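Student: Quick one: the structure is below, and I'll ask about it shortly.
Each value in this text was obtained by applying a stated rule to the coordinates, not by laboratory testing. All figures in this text were calculated on a predicted structure; none of them were measured in a lab. Here the Cβ positions follow ideal geometry from the backbone for every residue, glycine too, while neighbour counts run over all protein chains shown.
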Protein chains: 2
Amino acid sequence: MNPELKKLSEVLKNKGQSLTNPRKLVFEVLSSHKPQTMNELINLLGKSVDRASVYRTVGLFESLGITQRLALGWKYKIELSDAFTHHHHHFSCMKCGLIITLQDNSDLEASISLLAKSQGLTMTDHQLEIRGLCQDCASST
Amino acid sequence: MNPELKKLSEVLKNKGQSLTNPRKLVFEVLSSHKPQTMNELINLLGKSVDRASVYRTVGLFESLGITQRLALGWKYKIELSDAFTHHHHHFSCMKCGLIITLQDNSDLEASISLLAKSQGLTMTDHQLEIRGLCQDCASST
DNA sequence: GCATTATTGCGACATAATTGCAATAACTGG
DNA sequence: CCAGTTATTGCAATTATGTCGCAATAATGC
């Protein structure tokens with residue numbers, strides 16, 4: 001069992017949830033692909049996991065903090081949460097739809113938590129999407 | 001005609017689009033309310049604008065840069081774009097659903113554009129959502 | 001392994017979004 | 001300011017997306 005899957009198994013067990021086949025499959029698709037819309041997820045899984053179960057699994061994963069949903073482009077997408085990947089932000093190319101993962105930046109993170117703190121807000125999470133044109137699209141315009 | 005509406009009229013005319021009543025109404029609701037989900041928008045407009053026309057209008061507004069959609073909490077919401085309001089970010093309380101508008105912060109904005117630039121990306125737009133607990137919910141826990 | 005309990009897949013339902021088309025309203029030139 | 005032209009609307013039908021109850025099935029603890 002690969003280490004990622006092992007971690008999933010532990011998280012589930014900790015919360016009194018079982019590691020079922022559909023959950024493994026959903027997790028595997030999420031760990032081997034970029035952020036997915038629900039439909040992409042459902043299509044990738046084909047008939048190996050039922051539509052309803054995909055929704056239920058994603059709902060469970062979200063409530064356990066295994067995945068997070070975020071808005072990219074125009075659709076919301078699902079990706080593994082920071083506990084399974086490294087915290088990052090996203091860039092979406094509005095022309096070709098390319099999504100780029102942007103690595104963490106301490107200045108940025110500091111500004112964000114400062115902003116929350118200055119308003120007396122308790123931040124658990126945040127997400128930033130930068131939209132624009134990727135290098136290829138920008139140069140071919 | 002109020003100045004906001006005047007601006008809308010100009011933008012539409014510039015793009016060869018007409019200023020129709022439904023478009024005015026949708027715009028008015030958006031300028032006098034916090035970010036709206038499609039359904040909130042549809043309900044607020046009642047039978048004065050048909051469901052389908054609300055979708056079509058929002059689609060048009062988005063393509064012209066009059067509105068932008070953003071994911072807050074778990075739902076998509078529509079708001080006027082930066083050209084009609086001031087640039088800002090959002091905080092969503094994950095307990096009570098409260099949405100707070102966060103005023104611009106130059107450090108933050110600088111970090112964001114730097115991040116994009118360092119990757120050779122052309123940024124046209126960005127959005128940040130901070131999630132957590134508002135003051136009331138944090139203190140009543 | 002076997003019993004217990006949670007989870008799944010299926011079909012039915014509910015809600016959200018899109019489309020074709022005839023009726024209507026907005027813009028243009030006179 | 002009016003009539004002709006063209007885009008836009010409202011309506012009804014359709015499709016897509018998400019949810020639910022329940023019997024069959026699979027996972028866990030012993």
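Student: Report the extension gain between B:SER139 and B:MET38 in nm, rounded to one decimal, defined as 0.36 nm multiplied by the number of residues separating them, less their alpha carbon distance.
Tutor: So the extension gain works out to 33.2 nm.
Student: Still on this structure, please answer the following. Between copies, how far does the label point of B:ARG56 sit from its twins, in nm, shortest first, when each point is 7 Å from Cα along Cα→Cβ?
Tutor: 4.1
Student: Counting only other chains, what is the mean number of Cβ atoms within 10 angstrom of the Cβ of each residue in peptide A:113-123? Working shown, then result.
Tutor: Details: counts 1, 3, 10, 5, 0, 2, 7, 4, 14, 13, 5.
Neighbouring Cβ atoms belonging to other protein chains average 6 per residue here.
Student: Here's something else I'd like to know. In terms of the ratio Rg/(2.2 N^0.38 Å) built on C-alpha atoms, what value belongs to the range B:62-116? Before the final figure, lay out each step's value.
Tutor: Numbers: Rg = 12.7 Å, N = 55, 2.2 N^0.38 = 10.1 Å.
My calculation over the Cα atoms of the range B:62-116 gives 1.26.
Student: Quote the relative contact order of the range A:1-85 in percent (integer), defining contacts as alpha-carbon pairs under 8 Å separated by 6+ residues. Can you show the working numbers first?
Tutor: Working: 77 pairs, mean separation 23.1, N = 85.
That works out to 27 percent.
Student: Can you tell me which aspartates and glutamates have their Cα less than 12 Å from the Cα of B:LYS34? Leave out same-chain residues fewer than eight positions away.
Tutor: B:GLU79
Student: Just the isolated ones, please: cysteines in chain A lacking another cysteine beta carbon under 4.7 angstrom.
Tutor: A:CYS96, A:CYS137
Student: Once the label point is set 7 Å along the Cα-to-beta-carbon vector, what list of distances in nm do you get between A:GLU109 and its counterparts in the other copies?
Tutor: Listed shortest first, these distances are 2.5 nm.
Student: Measuring from the axis that superposes chain A on chain B, report the chain A residue with the minimal C-beta distance, rounded to whole Å.
Tutor: A:ALA71, 1
Student: Nothing charged except the Cβ atoms of Lys and Arg (+1) and of Asp and Glu (-1): what's the magnitude of the dipole of the range A:1-85 about its Cα centre? Round to the nearest 20 debye. Don't jump to the answer; show the numbers that get you there.
Tutor: Values: 13 positive and 8 negative charges, 33 e Å.
Approximately 160 debye in magnitude.
Student: Still on this structure, please answer the following. Taking B:GLU40 in one copy and the same position in all the others, each labelled 7 Å out along Cα→Cβ, what are the pairwise distances from the first, in nm, shortest first?
Tutor: 2.8
Student: Also: Mean separation of Cα pairs under 8 Å and 6+ residues apart, divided by the residue count of the range B:37-141: what relative contact order is that in percent?
Tutor: 21 percent
Student: Let me ask something else. Between beta-carbons, use under 9 Å as the cut-off and find the net charge around B:GLU79, counting Lys and Arg +1, Asp and Glu -1.
Tutor: Details: positive: B:LYS34, B:ARG69, B:LYS77; negative: none.
Result for the neighbourhood of B:GLU79: +3.
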